[in-house]
Amino acid sequence: MRFRPLPLLTVLAAPALALLVALGVWQLDRMDWKQAEIERWRARQGEAPVSLDQAYCGRPDPFSRRVERPDPASGSIVMVYGRNPDGAPGWRVFQNARVGDCAGDLRVLTEAGFLPHGETRMTEFHEGPMVLERPTEPGAFTPERDPETLRFYGFDAAAMEAVLQLEPGTLWEEGWLVTDHGALPPRLAQTPPARHFGYAITWFGLAGALVAVYLALHMSRGRLVFTRRKE
């Protein structure tokens, strides 16, 4: 075999190939992480709910922990766009509650109910245990918040503190309490492990296609020649 690489094409193809392979490996890592998180969430579903003070102050990893519903600290609310367990769009209604004695005056958002899209009154009032989860963060294409109507499209600690009349830095930014409906939280359900595997196959497939095109171009220009060894 004789191989004389095209310099410019090789310089361009090498980092592109490395990127595609890295993206594939990253998706496989995400798949393993997601599967482990789902298994941990399912294991904790069998645990009895604990107080918020116990979950936050007594556990090194409180997330996905089932928590007893705390009393709200005030009647003020904020609303975050989302869906109810049946998939209907609307506004998830949150109040705030004190985290616990070990956390001083730290507050956490607690899901109180659901306001269906187009309605003016909350029709779903939540009761029972809750789950401590990471809040929904705004994305690149998330609509702008509207604090005057109490409506948000993702967690925004500073703006929500103003609406809830809390001191700056009072609202816990790493987690919130959502009603335990027995279903996987959105952060685990929106992109299941199988989809991450599919993404990985796509990236590896593109990497293979790039290699095939690279070799084909060299063969077409006589820079890659397979010859038989003379006996």
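Helices (runs of 4 or more DSSP H) fully within the stretch 152-231 that include at least 3 residues being surrounded by 15 or more Cβ atoms within 10 Å (Cβ to Cβ) and at pLDDT 90 or above: 157-163, 193-220. Kindly indicate whether ALA88 is surrounded by fewer than 17 Cβ atoms within 10 Å (Cβ to Cβ) and not assigned by TED's automatic domain parsing to the domain that holds GLU161. Here the answer is no, as ALA88 does not meet what is asked. If I filter the stretch 112-130 down to residues being surrounded by 13 or more Cβ atoms within 10 Å (Cβ to Cβ) and within 20 Å of ALA88 (Cβ to Cβ), which single residue comes out as farthest from the chain's Cα centre (by Cα)? The residue in question is MET122. Considering the conditions (1) among the aliphatic types (A, V, I, L, M); (2) out of contact with any Lys or Arg (no Cβ under 9 Å at 6 or more places or on another chain); (3) assigned by TED's automatic domain parsing to the domain that holds LEU17, VAL163 is excluded by exactly one of them, (3).
Out of (1) in contact with a strand residue (DSSP E or B) (Cβ under 6 Å, 6 or more places away or on another chain); (2) assigned to a helix (DSSP H, G or I), what's the single condition that is false for ILE38? Only one criterion is unmet by ILE38, namely (1). Residues that are among the small types (Gly, Ala, Ser) and within 24 Å of GLU167 (Cα to Cα) were ranked within the stretch 102-151; the one that is modelled with the highest pLDDT is ALA112. Within the stretch 11-18, can one find any residue that is over 23 Å from the mean Cα position of the chain (by Cα), among the small types (Gly, Ala, Ser), within 30 Å of ALA159 (Cβ to Cβ) and buried (at least 17 other Cβ atoms within 10 Å of the Cβ)? Looking for residues that are over 23 Å from the mean Cα position of the chain (by Cα), among the small types (Gly, Ala, Ser), within 30 Å of ALA159 (Cβ to Cβ) and buried (at least 17 other Cβ atoms within 10 Å of the Cβ), one finds none in the stretch 11-18, hence no.
Scanning the stretch 58-72 for residues that are more than 21 Å from the chain's Cα centre (by Cα) and modelled with pLDDT of 80 or more, which turns out nearest to HIS126 (Cα to Cα)? Top of the filtered list is ARG69. Got at least one residue in the stretch 104-111 being touching a residue at least 12 places away in the same chain (Cβ under 8 Å), in a loop (DSSP other than H, G, I, E, B) and either surrounded by fewer than 12 Cβ atoms within 10 Å (Cβ to Cβ) or in contact with a Lys or Arg (Cβ under 8 Å, 6 or more places away or on another chain) (or both)? Yes - at least one qualifying residue is present in the stretch 104-111. Is it true that some residue in the stretch 17-27 is over 19 Å from ARG195 (Cα atoms) and in contact with a helix residue (DSSP H, G or I) (Cβ under 6 Å, 6 or more places away or on another chain)? Scanning the stretch 17-27 turns up at least one residue that is over 19 Å from ARG195 (Cα atoms) and in contact with a helix residue (DSSP H, G or I) (Cβ under 6 Å, 6 or more places away or on another chain).
The values are calculated or read from the model by the stated rules, or taken from the named source; none is laboratory data. Small disclaimer: the values here were computed from a predicted structure and weren't measured. When we count neighbours, we look across all protein chains shown, and the Cβ atoms used for this are built from the backbone with ideal geometry, even at glycine.
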